[in-house]
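Below is one structure, written out as structure tokens; the observations come after it.
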Amino acid sequence: MPTIIAFDVNETLLDLRALDPEFERLFGSAALRGQWFAQMLQLSFVGGLVDDYVDFSSAQHAAMLMLAERHGVALGEDDAAAMVLRMSSLPA
């Protein structure tokens with residue numbers, strides 16, 4: 001049987017606080033980062049549970065748009081895509 005080692009990267013090895021200035025700019029509050037991240041995880045995990053894989057980038061993008069709608073913020077596709085891109089360069 002193969003040995004498998006898994007790492008929880010986001011919020012464990014990578015610091016999501018680096019996204020706070022962008023959440024402040026887009027939503028007026030960095031506190032919404034937690035809601036966005038929780039929504040992203042939910043989208044990704046539920047997809048896996050129902051055997052309909054959702055990659056993290058797609059989940060991040062969708063969660064940004066959902067968060068914006070929930071809070072009445074006009075968020076463009078470019079802003080959501082930019083946040084996904086920022087996730088690829090988080091500091092440790």
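Backbone geometry of region 41-49 corresponds, through the Karplus equation with coefficients 6.51, -1.76 and 1.60 at θ = phi - 60°, to 3J(HN,Hα) couplings of 4, 4, 4, 5, 5, 5, x, x, 5 Hz, x marking Gly and Pro. Local charge for L14 was computed over the other residues whose Cβ lies under 14 Å away, with Lys and Arg +1 and Asp and Glu -1, and equals -1. Distance from the Cα centroid of region 1-40 to that of region 70-92 is 11 Å (rounded to whole angstrom). The peptide list 81-87, 10-16, put in order of mean Cβ contacts within 10 Å with the highest first, becomes 81-87, 10-16. Across the alpha-carbon atoms of the chain, the computed radius of gyration and Dmax are 14.0, 51 angstrom. Give the shape of region 46-92 as rounded, prolate or oblate, defined through the alpha-carbon gyration tensor: a ≥ b ≥ c are the square roots of its eigenvalues, a/c under 1.5 means rounded, and otherwise the shape is prolate if a/b is larger than b/c and oblate if not. Judged from the Cα gyration tensor, region 46-92 comes out oblate (a/c at least 1.5, b/c at or above a/b). 3J(HN,Hα) along region 80-87, derived from phi through the Karplus expression 6.51 cos²θ - 1.76 cosθ + 1.60 where θ = phi - 60°, amounts to 5, 5, 5, 5, 4, 5, 4, 4 Hz, with x in place of Gly and Pro.
Label-to-label distance, E24 versus V46, with points set 7 angstrom from Cα along the beta-carbon direction: 3.2 nm.
Read-outs: derived from the displayed coordinates by stated rules, not from any lab. From a predicted model like this one, the values you see are computed outputs, not experimental measurements. Cβ coordinates were reconstructed from backbone atoms using ideal geometry, including for glycine residues, and neighbour counts include every protein chain displayed.
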